[in-house]
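The values are calculated or read from the model by the stated rules, or taken from the named source; none is laboratory data. The shown structure was predicted, so the numbers you read here are calculated from the model rather than taken from an experiment. Every residue, glycine as well, gets a Cβ built from its backbone with ideal geometry; the counts of neighbours run over all protein chains shown.
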Amino acid sequence: MFNSEKTEKTKTLTGSRLRSYAFALLTRRDYSQAELISKLNQYAINPEEVVKLVEELAQQNYQSDQRVAELTLASQLRKGKGLQRIKQALKAKQLDTDLITEELQDVDWLNQAYQLKLKKFGQEVATDPKIKARQ
């Protein structure tokens, strides 16, 4: 099957089966509210039921946009990504801009850059202009 020939998924989930599917998704990884709503709407008959379910899961702390933001930020920092790349990753998760700003304020960017420099190039300062330009 080619990508242009995607078949329509049958929408069959309601009630407890929809709730079970939501829990199954959340056990694999954390989803933002917008991502979870989008994922559940692919299979749910009633979109209002999906929104209500996701809000309920958030109230019971099974789903948390704050947690998604923290985990995404930590993952991107571990990979050595910079401010703009991390913002892009957080926006791709469809998180609130206030939450993104709040999470990014806590990061010591100078220390992150220094740690990345140490990891890639070591402690010594290069004297060769070509090598120094890479650092």
Residue 132 vs (1) surrounded by fewer than 13 Cβ atoms within 10 Å (Cβ to Cβ); (2) in contact with a Leu (Cβ under 9 Å, 6 or more places away or on another chain); (3) not β-branched (Val, Ile, Thr): all pass except (2)
So residue 43, is it among the hydroxyl-bearing types (Ser, Thr, Tyr) and modelled with pLDDT under 90: yes
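Residue 110 - would you say it is more than 23 Å from the chain's Cα centre (by Cα) and more than 30 Å from residue 38 (Cβ to Cβ)? Explain how you work it out, then say what you get.
Values: more than 23 Å from the chain's Cα centre (by Cα): yes; more than 30 Å from residue 38 (Cβ to Cβ): yes.
It is true that residue 110 is more than 23 Å from the chain's Cα centre (by Cα) and more than 30 Å from residue 38 (Cβ to Cβ).
Answer yes or no: is there a residue in region 20-27 that is modelled with pLDDT of 90 or more and either closer than 30 Å to residue 119 by Cβ or among the aromatic types (Phe, Trp, Tyr) (or both).
For region 20-27, residues modelled with pLDDT of 90 or more and either closer than 30 Å to residue 119 by Cβ or among the aromatic types (Phe, Trp, Tyr) (or both): present.
Would you mind finding the one in 58, 34 that is surrounded by 14 or more Cβ atoms within 10 Å (Cβ to Cβ) and over 22 Å from residue 11 (Cβ atoms)? Give the steps one after another, and end with the answer.
Numbers: 34 fails: over 22 Å from residue 11 (Cβ atoms).
The conditions single out 58.
Which count do you get for residues in region 20-61 that are basic (Lys, Arg) and touching a strand residue (DSSP E or B) at 6+ places or on another chain (Cβ under 6 Å)? If you could, list the steps in order and put the result at the bottom.
Of region 20-61, the ones basic (Lys, Arg) are 28-29, 39, 52.
Narrowing further to those that are touching a strand residue (DSSP E or B) at 6+ places or on another chain (Cβ under 6 Å): none.
Summing the residues that are basic (Lys, Arg) and touching a strand residue (DSSP E or B) at 6+ places or on another chain (Cβ under 6 Å) in region 20-61 gives 0.
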